[in-house]
Amino acid sequence: MNLDHLPEITEKESGWGYLHPTPDVLKIFSDLGKMKQLKPVKRIVEIGFHAGHSTTYLLETFKDAKLLSYGLSSVSGPNGVKMMSHYPGGRLQISIADSRKLNPIKHVNVDLTYIDGSHKWANVSNDVMLAVAWGSRFILVDNCETPAVKYISDVILGSPIKTWQYEATWAGRTTTNVMNLYEARHNRFRAAQVVE
Ligand SMILES: C[S@@+](CC[C@H](N)C(=O)[O-])C[C@H]1O[C@@H](n2cnc3c(N)ncnc32)[C@H](O)[C@@H]1O
C-alpha cells in the first residue's frame, strides 16, 4: 500500500480522529483486498471524511474503485482538495456535506460503504440506513466497540461476516477498537426495486 503522500497532506493534523496506519489497521485493508466475495469493488462511498487516512487506505486497496466521501470537519475541505489532486481522473470526489441531509436514493449499486462519521445513536442509524438505501453490497462499520454503533448495525444488517480488533492510542490513552464488515445482499435487491 502506497502511503507516501499522506504525511504531506496531513502534516497539520494533531493525530486526533482518524485511523493511524498501524500494522493492525493496515491488516484490515489488506484482508479486505484479499476477500474474493467483495470483488469487484468499483464504487465506494465513505461517510466521515476527515484528514484523508481511511480514504487513502480504501483507494490504495481497491485500485479499480472510484470513491465518493462525505465529511464535515474543518480539515476536510483543505485536505480534500489535496487528496483529490493526488487521485486525479475522478477517482476521488469529496463532498463537504452532513450525512443527515443526503438523498437516500442517490447512489445505486455501491459495492462498499464505509461508515465512520458521528457515532451518536441517531447519526449511526441514519448512516447505516443510507448505506442500505444506496444498495451497498458490503458495509464496513468502524467503532463497533461503541454499544450504539454495534447494536444499530447488527439490528439493521444482521451479524457481521468479519470482525477486526485494533488498538488506537490518543493523548496517552490506548483503546481497543472494533471494525465490522456486513453483507447486505438482500437489501440491495430491495433498493434496486425502489429506484426502478
Ligand atoms: C472518526 S472521523 C473519521 C476518520 C476517518 N475514517 C479516517 O480514518 O481518516 C469522523 C469524521 O466524521 C465527520 N462527521 C461527523 N458527523 C458527520 C455527518 N453527519 N456527516 C458527515 N461527516 C460527519 C467528523 O467531522 C469527522 O471528521
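Since every read-out is calculated from the coordinates, none of them should be taken as a lab result. The model shown is predicted, which means the values in this text are computed figures rather than measured ones. Cβ: placed from backbone, ideal geometry, glycine included. Neighbour counts: every protein chain shown.
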Original post:
Near Lys120, which lysines are there with a Cα under 24 Å away, not counting those fewer than 8 places off in the same chain?
Top reply: Lys101, Lys106, Lys150, Lys162
Original post:
Can you give the relative contact order of the chain as a percent, counting alpha carbon pairs under 8 Å and 6+ residues apart?
Top reply: 19
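Among Asp127, Asp64, Asp111, Asp31, rank each residue by its count of other Cβ atoms within 10 Å, from fewest to most, as a rough exposure measure.
Asp64, Asp31, Asp111, Asp127
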Subject >> Full-extension gain in nm, Thr174 to Lys36, via 0.36 nm per residue minus C-alpha separation >> reply: 46.4 nm
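What's the local net charge at Phe62, with K and R +1, D and E -1, over the other residues with C-beta under 15 Å away?
So the environment of Phe62 carries a net charge of +4.
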Subject >> Environment charge at Gln93 (Cβ cut-off 13 Å; Lys +1, Arg +1, Asp -1, Glu -1) >> reply: +3
Original post:
What Kirkwood hydrodynamic radius, in Å, does region 19-73 give when the mean of 1/r is taken over all pairs of distinct Cα atoms and then inverted?
Top reply: 11.7
**OP:** Please work out how many pairs of lysine residues in region 1-95 are eight or more positions apart (or on different chains) and have Cα atoms closer than 14 angstrom.
**Re:** 6
Subject >> Rg over Rh [alpha-carbon atoms, Kirkwood Rh] for region 64-157 >> reply: 0.97
Original post:
Cβ under 12 Å from Asp116's Cβ, Asp116 left aside: what net charge do those residues give with Lys, Arg +1 and Asp, Glu -1?
Top reply: -3
Subject >> At 1.002 mPa s and 20 °C, Stokes D of region 1-111 from Kirkwood alpha-carbon radius, µm² per second >> reply: 148
Subject >> Calculated on alpha-carbon atoms, Rg and Dmax of region 18-195 in Å >> reply: 15.1, 49
**OP:** Count the DSSP beta bridges whose two residues both fall in the chain, then state the antiparallel fraction as a percent rounded to the nearest 5.
**Re:** 40
**OP:** Beta carbons within 10 angstrom, averaged per residue: use that to sort the peptides 69-77, 137-145, 18-26, 162-170, highest first.
**Re:** 137-145, 69-77, 18-26, 162-170
